[in-house]
1. Given the residues SER38, SER19, SER93, which is the only one that is of a type in the set (S, T, N, Q), within 25 Å of PHE132 (Cα to Cα) and surrounded by fewer than 16 Cβ atoms within 10 Å (Cβ to Cβ)?
2. Looking at the range 52-59, can you tell me whether even one residue there is within 18 Å of LEU111 (Cβ to Cβ), touching a residue at least 24 places away in the same chain (Cβ under 8 Å) and out of contact with any Phe, Trp or Tyr (no Cβ under 9 Å at 6 or more places or on another chain)?
3. Return yes when ILE65 is over 20 Å from ASP121 (Cα atoms) and surrounded by 13 or more Cβ atoms within 10 Å (Cβ to Cβ) and no when it is not.
4. Filter the range 43-62 down to the residues that are buried (at least 17 other Cβ atoms within 10 Å of the Cβ) and either of a type in the set (Lys, Arg) or modelled with pLDDT of 90 or more (or both) and list them by number.
5. Any idea how many residues of the range 82-118 are of a type in the set (S, T, N, Q) and assigned to a loop (DSSP other than H, G, I, E, B)?
6. Kindly indicate which of ASP25, ASP70 is over 19 Å from TYR105 (Cα atoms) and either modelled with pLDDT under 95 or surrounded by fewer than 18 Cβ atoms within 10 Å (Cβ to Cβ) (or both).
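The values are calculated or read from the model by the stated rules, or taken from the named source; none is laboratory data. These figures come from a predicted structure and were not determined experimentally. No Cβ is skipped: glycine too gets one built from the backbone with ideal geometry, and neighbour counts run over all protein chains shown.
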Amino acid sequence: MAEIIIVDSNTEHKKLLTSALRQADILAPCLGFQDGSSILAFFKELLNDNLSTKVNPQYLMVNMILPDMDGLELIQEIRKLKTKEELTIIGYSNEPVEGLIAPAYRNGADLYMFVRNSLPDLVEILGNIFFFLKSRKKKKANPS
């Protein structure tokens, strides 16, 4: 089963995203990381088959504001790694930050979203995003 990785230093934001994913019937297991350094180390271990557990991350949700590196830098570093599976990166911010959306796409994000603290809004947004992503993967698997 595909995992969703959430990179956010704010525990409450991670809980909100995890709850919204569950309520949107996105039943993939979620892994959480506090900062960019720890997720980069995780991916390097994953690529070298050094992890003791079997994981299959297909979605990476990255807060643009992290304590040790910004989300733009993290997305760029993740894209430099040769991940084994196709990895969809969703950049997000909890506050409207000028000038982040276009650079996030340039650095390798597939999508960008603004996370409101309203659980019902977030459930709807994530439900729509993952519906879109699943339909896009089906089209790639079955081209006409």
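1. Result: SER19 is the single residue among SER38, SER19, SER93 that is of a type in the set (S, T, N, Q), within 25 Å of PHE132 (Cα to Cα) and surrounded by fewer than 16 Cβ atoms within 10 Å (Cβ to Cβ).
2. At the first step, the residues of the range 52-59 found to be within 18 Å of LEU111 (Cβ to Cβ) are 57-59.
Among the residues that remain, those that are also touching a residue at least 24 places away in the same chain (Cβ under 8 Å) are: 57-59.
Restricting the remaining residues to those that are out of contact with any Phe, Trp or Tyr (no Cβ under 9 Å at 6 or more places or on another chain) gives 58.
Within the range 52-59 (the criterion being within 18 Å of LEU111 (Cβ to Cβ), touching a residue at least 24 places away in the same chain (Cβ under 8 Å) and out of contact with any Phe, Trp or Tyr (no Cβ under 9 Å at 6 or more places or on another chain)), the answer is yes, since at least one residue qualifies.
3. Values: over 20 Å from ASP121 (Cα atoms): yes; surrounded by 13 or more Cβ atoms within 10 Å (Cβ to Cβ): yes.
For ILE65, the condition - over 20 Å from ASP121 (Cα atoms) and surrounded by 13 or more Cβ atoms within 10 Å (Cβ to Cβ) - is met.
4. Scanning the range 43-62 gives TYR59, LEU60, MET61, VAL62.
5. Let us first name the residues in the range 82-118 that are of a type in the set (S, T, N, Q), namely 83, 88, 93-94, 107, 117-118.
If we keep only those that are assigned to a loop (DSSP other than H, G, I, E, B) as well, we get 83, 94, 117-118.
The number of residues fulfilling the criteria is 4.
6. Details: ASP70 fails: over 19 Å from TYR105 (Cα atoms).
Matching residue, one of ASP25, ASP70: ASP25.
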